[in-house]
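The values are calculated or read from the model by the stated rules, or taken from the named source; none is laboratory data. Model, not experiment: these values are computed from the prediction. With ideal geometry, Cβ positions are generated from the backbone for all residues, glycine too; neighbour counts draw on all protein chains shown. Areas reflect the complete protein model, heavy atoms only, side chains present, ligands, DNA and RNA absent. Shrake-Rupley method; radii C 1.70, N 1.55, O 1.52, S 1.80 Å.
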Amino acid sequence: MATTLQQAQQQEDQNTFERARTEGALLPVIWTVVVFGLSVIVTFVGLYLMVARGFLMSGVVNPLGNVIGGLVLVALGAVNTNRYRKLMVGIFQYADFKSARLAMRADVVQALLIIVLLTVMFPVLWILSMSLDPRDFSRPQGLTIIPPAASLQAFSEVLTQPSPNDVTFLRLLINSLLVAGGTAVGAVVVGTSAAYAFSRMDFPGRRAGMLSFVIVLMIPPGATLAPLFVLLNIVGLRTSLVGLAIAYTSTALPFAIWNMKGFIDSLPYELEEAAQIDGCNRTEAFIRVVLPLAVPGMAVTAMMGFLTGWSEFILAWTFLSDPSTFTLPMVLRGMVGQYASGTPWSQFSAMALLMSIPPVVFFFFLQRYLIGGLAVGGVKG
Amino acid sequence: MTTVAQSEGRPTDTNFQADARRRKWRQAGLAYLYILPAALIMIFITFYPIGYQIYMSFTDFTIGNLRIDTATVLPTLLNPPEFLWLENYVRVITGDLALTNYSFVRILTFNLLWTFVNVFLHVAIGIAIAIALDTKDLPNKRLYRSLFVIPWALPSLVSGMIWANMWHDRFGGVNLLLQRLGLPGDTRWLLETQPFVDISIAGEPVLVLPLAFIAALVANVWLGWPFMMVIATGALQSIPREVYEAAEVDGASKWQQFWRITLPLIRPAMVPAVMIGIMLTFNQFNVIFFVTGGGPLGLTEILVTQGFKLVNPQNLFGVASAFNIIVFFILVVLTLITNRVSRATEPYYA
């Protein structure tokens, strides 16, 4: 009885393969079976790594690394095992070759994307692994994602004593946030106001005005250095963060204006007309109708302004002289190259990661707007 | 009676014109008011420095002239820098400067090659990956999209320094990885002075590419393509699916669909991005400055890093001004040319 059932099953399997061949879907079917097998194997390897070489073994060099690596493998294997189990059920019970074919195409694309992902993440992971390395080497000793005896020591060192100068990390952070935040606010306020005029009003010099803002992009970054030095010296803002924020606002303005103009262009004009019929004047309509609708565009503009101020180096390096006004990029600069033969790379890495957190967080939150907003700005620009 | 009242109430011709003109100017006035803050910032932070820079470029401006503050403004005004006419410009072009391996033509061709190779790779990779991410039923799509923007999200100076460490010949990530893979992992990426391309015309170097060019290129491509991917993704989403379905019915292959549908339809969104990309890459200070530092022997210097070094640490203010003015006009011309080219070959703007 059992054997006949098995034989029937086998026969059915053969039938499936034959049918697949006649429909030209042999490759997807084989692919599905092979990947299913591989996923199962990967899951068990991950389990073995996690349990046997991570939790249970005491003599292993790097148990934490094995646990985390194993966890990743288990997750990856389990997800794909389940996916391909479903596909196999589809193939062998319902002769559903179409899903298998789609899945194969998706996975070939995925394999390419994973290679891209590895190249994207390699420098980041390398920095991460260096920052976690507590061994007192000033230079990395090899490639491991989670180094043996990983610790956050480098981070605490950077947080307590970020530079040879007498300045705390908190001070640096506040300075950078003030400059970057000031740039973001300046770019949004000044840029949105100008963009509204460019988008909704007709006046002599409109085109020339729009174009003149693009000129900023063409000026070599070092070119305004000496004249600005003189100007800010005269008004007494050279060594202050306010002067820097104003200077950065001008750098962030071209993008702010073009992006906001594109965004306001895409808003329906009828709403403002309705508001004006209801008794609002131009400015009231701008504040009550346009501004609330333009929040996504303003968010992207603010983010770009923030990034400009957060990572600018040339002006800060040239203008600021008092360590208590230094910004994070200046200190990071002091940790590499000729000035820093003594700084361990673990500390540089920790600092680089800390400095990258705010922009990356910004990006993740605004990503949705970024894709829609920039494309709109681009098409209309 | 009524007709008279009507004709009196109707504005006369000149009255009407004056009214329209007044309304127009009132609106223009409001527009200028909205633009005023931006204009003020631009005038003081951008246009005044350009003007001042032009003045400086004709003089032997020194660090002494820079120390203007309220206490010393009088002696500086009494002792203005000497007027040199075009001497600074001549020195920049002919290379009459005390710098290692300085050649204006070589730096310019290097900079142009750097710009176009970078932007081409940014756009090509960005579009390719945007299309790959557009695949139907692709799992983990959102995960890829959010992780792929990391290089763009990182401050460029941070990525520049990370890549400088990546290419370190003894402890860098690239060589460690090559060693791990059993390949020769002792290439001196940033320090090798022997160029792999070395073209001279009449004894003057025209194009010199050391290994450090590859190092900087990889770093800049790494951090540049996600922006183009985001733009292309947005543009791809605006293409209606029906267009592809219709093409499929007509028997168009995927390859034909890409060249005949996808590319022309995302082009309007890509052209402004490419223009901005060219400007930003031409002036991309942070990558060159932090990855190669212009080395080895100044061979990977681009115009803006060279211009910065003329000021800091060289303190050649007059020469640096002339240099920056030249760079500015080169970029203006380059932008005008690319603008013309992208419009001229553009049948879809109509």
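Annotations for the structure displayed:
- Residue, farthest from B:Ile325 (Cα to Cα), within the stretch B:94-104, restricted to residues that are loosely packed, with under 15 Cβ neighbours inside 10 Å and either of a type in the set (Val, Ile, Thr) or modelled with pLDDT of 80 or more (or both): B:Thr100
- Filter result (over 21 Å from the mean Cα position of the chain (by Cα), modelled with pLDDT of 80 or more and not in a loop (DSSP other than H, G, I, E, B)) within the stretch B:312-350: B:Phe317, B:Gly318, B:Val319
Conditions tested, residue by residue: (1) within 30 Å of A:Leu332 (Cβ to Cβ); (2) open to solvent by 10 Å² or more (accessible area, probe 1.4 Å); (3) in the same structural domain as A:Leu353 (by TED's automatic domain parsing); (4) in a helix (DSSP H, G or I).
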{"position": "A:Ala245", "(1), (2), (3), (4)": "yes, yes, yes, yes"}
{"position": "A:Phe263", "(1), (2), (3), (4)": "no, yes, yes, yes"}
{"position": "A:Ala285", "(1), (2), (3), (4)": "no, no, yes, yes"}
{"position": "A:Pro292", "(1), (2), (3), (4)": "no, yes, yes, yes"}
{"position": "A:Ala299", "(1), (2), (3), (4)": "yes, yes, yes, yes"}
{"position": "A:Trp310", "(1), (2), (3), (4)": "yes, no, yes, yes"}
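- In the stretch B:116-147, the residues that are among the polar types (S, T, N, Q), within 25 Å of the chain's Cα centre (by Cα) and within 9 Å of chain A (Cβ to nearest Cβ): B:Ser146
- Evaluating A:Glu273 against the criteria (1) away from every other protein chain (no Cβ under 11 Å); (2) among the charged types (D, E, K, R); (3) in contact with a Leu (Cβ under 6 Å, 6 or more places away or on another chain) leaves one unmet condition, (3).
- Selected residue [open to solvent by less than 30 Å² (accessible area, probe 1.4 Å) and without any contact (Cβ under 8 Å) to a residue 24 or more places away in the chain] from A:Gly209, A:Gly186, A:Gly181: A:Gly209
Residue by residue, here is whether (1) at the interface with chain A (Cβ under 9 Å from one of its Cβ atoms); (2) touching a Ser or Thr at 6+ places or on another chain (Cβ under 9 Å) holds:
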| site | (1), (2) |
| --- | --- |
| B:Phe282 | yes, yes |
| B:Val287 | no, yes |
| B:Thr292 | no, yes |
| B:Thr300 | no, yes |
| B:Val311 | yes, yes |
| B:Thr338 | no, no |
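- Qualifying residues in the stretch B:45-60 (those that are under 14 Å from B:Val92 (Cβ atoms) and among the polar types (S, T, N, Q)) - the one nearest to the other protein chains (Cβ to nearest Cβ): B:Gln53
- Across the stretch A:150-173, the qualifying residues are those that are open to solvent by 80 Å² or more (accessible area, probe 1.4 Å) and under 13 Å from A:Thr343 (Cβ atoms), and the one among them that is modelled with the highest pLDDT is A:Gln161.
- Verdict on A:Asp107 being open to solvent by 70 Å² or more (accessible area, probe 1.4 Å) and either within 11 Å of chain B (Cβ to nearest Cβ) or in contact (Cβ under 8 Å) with a residue 40 or more places away in the chain (or both): no
- Which listed residue is in contact (Cβ under 8 Å) with a residue 24 or more places away in the chain, within 13 Å of A:Leu315 (Cα to Cα) and open to solvent by less than 10 Å² (accessible area, probe 1.4 Å), from A:Leu241, A:Leu225: A:Leu225
- Taking the stretch B:33-43 as the range and being more than 7 Å from chain A (Cβ to nearest Cβ) and either farther than 14 Å from A:Pro204 by Cα or not hydrophobic (A, V, I, L, M, F, W, C) (or both) as the test, the residues that pass are B:Leu36, B:Ala39, B:Leu40, B:Ile43.
- Residue count for the stretch B:154-163, restricted to those that are facing chain A (nearest Cβ under 9 Å) and touching a residue at least 24 places away in the same chain (Cβ under 8 Å): 6
- Scan of the stretch B:246-304 for residues that are charged (D, E, K, R) and in contact with a Gly (Cβ under 7 Å, 6 or more places away or on another chain), ordered by number: B:Glu301
- Residues of the stretch B:172-206 that turn out to be free of Cβ contacts under 8 Å to residues at least 12 places away in the same chain and either in contact with a His (Cβ under 7 Å, 6 or more places away or on another chain) or of a type in the set (Val, Ile, Thr) (or both), as a count: 2
- All positions within the stretch B:248-289 that are of a type in the set (D, E, K, R) and within 19 Å of B:Thr135 (Cβ to Cβ): B:Glu248, B:Lys254
- Pair list, Cβ < 7 Å and 6+ apart or interchain, from the stretch A:91-104 residues that are within 11 Å of chain B (Cβ to nearest Cβ) to residues that are outside any helix (DSSP H, G or I) and modelled with pLDDT under 80: A:Arg101/A:Ala25; A:Leu102/B:Asp137
- Cβ pairs under 6 Å, 6+ apart, first in the stretch A:67-85 and β-branched (Val, Ile, Thr), second open to solvent by 50 Å² or more (accessible area, probe 1.4 Å): A:Val74/A:Leu47
- Test for A:Ile146: is it in contact with a Ser or Thr (Cβ under 9 Å, 6 or more places away or on another chain) and either outside the structural domain of A:Gly54 (by TED's automatic domain parsing) or surrounded by 17 or more Cβ atoms within 10 Å (Cβ to Cβ) (or both): yes
- The residues of the stretch B:232-266 that are modelled with pLDDT of 85 or more, within 14 Å of another protein chain (Cβ to nearest Cβ) and crowded, with 16+ Cβ neighbours inside 10 Å, listed by number, are B:Ala232, B:Thr233, B:Leu236, B:Leu265, B:Ile266.
- Odd one out for B:Ile127 among (1) open to solvent by 30 Å² or more (accessible area, probe 1.4 Å); (2) part of a helix (DSSP H, G or I): (1)
- Looking across the stretch B:151-189, the residues that are open to solvent by 10 Å² or more (accessible area, probe 1.4 Å), more than 24 Å from B:Phe285 (Cβ to Cβ) and part of a helix (DSSP H, G or I) come down to B:Leu176, B:Leu177, B:Leu178, B:Gln179, B:Arg180.
- Residue selected from the stretch B:130-140 under the condition open to solvent by less than 20 Å² (accessible area, probe 1.4 Å) and in a helix (DSSP H, G or I), by the criterion nearest to B:Met228 (Cα to Cα): B:Ala130
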